[in-house]
Every structure is written in C-alpha cells, then in structure tokens.
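Novice: Before we start, here is the structure in question, set down as structure tokens.
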Ligand code: SME
C-alpha cells in the first residue's frame, strides 16, 4: 500500500519528493487510466491551493476528459479552444496567471483563477494534457511549472516504450 509522505524543504525539494512519490506510486503499472487516476489524487492532495487536477486524452480529433480530482468538468475540448487546447496544439506548457485574461479560456469550474497545463507527448505523438487549476490568481511560478512537468514526464514514462 502506497502512503504519501508530506512534502518538506524549499519548492524544488518538494517537487523532487513529489516526483519520487509519483514514480513509486506508478511503479509496475502501465495502464494509462489507472496511472492518471492515481497521479491526479496524489497531486491534488499533496499541493495546496488547487481546485482541479486531472487529465484530458487526445482521441485523434479533440481532448476528452480523463481521470481527475475536483468538480465535474467539460468533457470535450477542441484543440483550438481554451488553455488545454493551446497546450495540446502548441505542445508547450501553458502557465496562465489570470484565466479571465486568456482568450478562449473555458470555465469548467468558475472558481479557477490560474492554471497550468502540461502537454503529454510520447515518441512525437500527442497523448493529451495534464491540467492543474487553482482558485488563487498567479498560483503557479516557474518552480511549479518545472516540478509539474517532471510529474507529467513520470506519467508518460510509466506507460512504457
Ligand atoms: N480551463 C480549461 C478547461 C479545463 S478545466 O479547467 C478542467 C481550459 O481553458 O482549457
């Protein structure tokens, strides 16, 4: 049974611990739904000031909601819509301090004020995105971005070659 330890030290140290916990949690399992579900729960409970953590999977046309923690979410997001669509389309992390100022932002949970979305790419193929929302404006800085990009890498690697 996996038990998450609370995080300590400065932010980079905390993210190193979180990535190690993520590796331990996903170790030996390749199922993309199972691993997305457990990783959403790990991150949602490990980090403060979040209201939504989860996955959208690319079905070849658009993004479809996968496992998450938080309020019920929009099911389908076209690649030309919202922060998630921008991350998927550009394959670059989107770090948005104020979602209301982001053109085309999709308000699934009206409590969301800032958002970080990491694209999930394996061998050049788009798998989907990892989306983390906060009710606090400007919640995510560059340390959060690097830390959560590492967590996203742990997820992609868990799916195997
Ligand atoms: N706000 C996102 C949509 C997904 S939800 O926040 C869970 C967006 O603009 O892409």
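Rule-based calculations on the coordinates, nothing more; no lab input. What you are looking at is a predicted structure, and each value in this text was computed from that prediction instead of being measured. In this analysis, Cβ positions are derived from the backbone assuming ideal geometry, glycine residues included, and neighbour counts consider all displayed protein chains.
Novice: Only one of 26, 79 is farther than 24 Å from residue 141 by Cβ and in contact (Cβ under 8 Å) with a residue 60 or more places away in the chain. Can you tell me which?
Specialist: 26
Let's see how each residue does on (1) within 11 Å of the ligand (Cβ to nearest atom); (2) in a loop (DSSP other than H, G, I, E, B):
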| position | (1), (2) |
| --- | --- |
| 50 | no, yes |
| 56 | yes, no |
| 64 | no, no |
| 84 | yes, no |
| 87 | yes, no |
| 92 | no, yes |
| 95 | no, no |
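Novice: Given the conditions (1) surrounded by fewer than 21 Cβ atoms within 10 Å (Cβ to Cβ); (2) over 24 Å from residue 25 (Cα atoms); (3) more than 11 Å from the ligand (Cβ to nearest atom), which single one is not true for residue 109?
Specialist: (3)
Novice: Listed residues 36, 20, 41; which is free of Cβ contacts under 8 Å to residues at least 12 places away in the same chain, assigned to a helix (DSSP H, G or I) and away from the ligand (no atom under 11 Å from the Cβ)?
Specialist: Details: 36 fails: free of Cβ contacts under 8 Å to residues at least 12 places away in the same chain; 41 fails: free of Cβ contacts under 8 Å to residues at least 12 places away in the same chain.
Of the residues listed, the single one that is free of Cβ contacts under 8 Å to residues at least 12 places away in the same chain, assigned to a helix (DSSP H, G or I) and away from the ligand (no atom under 11 Å from the Cβ) is 20.
Novice: Still on this structure, I have one more. Taking residue 4 as the residue in question, decide whether it is surrounded by fewer than 19 Cβ atoms within 10 Å (Cβ to Cβ), over 14 Å from the mean Cα position of the chain (by Cα) and part of a helix (DSSP H, G or I).
Specialist: Against the criterion (surrounded by fewer than 19 Cβ atoms within 10 Å (Cβ to Cβ), over 14 Å from the mean Cα position of the chain (by Cα) and part of a helix (DSSP H, G or I)), residue 4 does not qualify.
Novice: Would you mention how many residues in segment 115-134 are assigned to a strand (DSSP E or B) and either more than 8 Å from the chain's Cα centre (by Cα) or more than 12 Å from the ligand (Cβ to nearest atom) (or both)?
Specialist: Quick first cut of segment 115-134, residues assigned to a strand (DSSP E or B) only: 115-122, 125-134.
This time we only want the ones that are either more than 8 Å from the chain's Cα centre (by Cα) or more than 12 Å from the ligand (Cβ to nearest atom) (or both), so: 115, 118-122, 125-128, 133-134.
Total meeting the criteria: 12.
Novice: Consider residue 149 carefully, then state whether it is out of contact with any helix residue (DSSP H, G or I) (no Cβ under 9 Å at 6 or more places or on another chain), more than 10 Å from the ligand (Cβ to nearest atom) and under 18 Å from residue 35 (Cα atoms).
Specialist: When the stated conditions are applied, residue 149 passes them.
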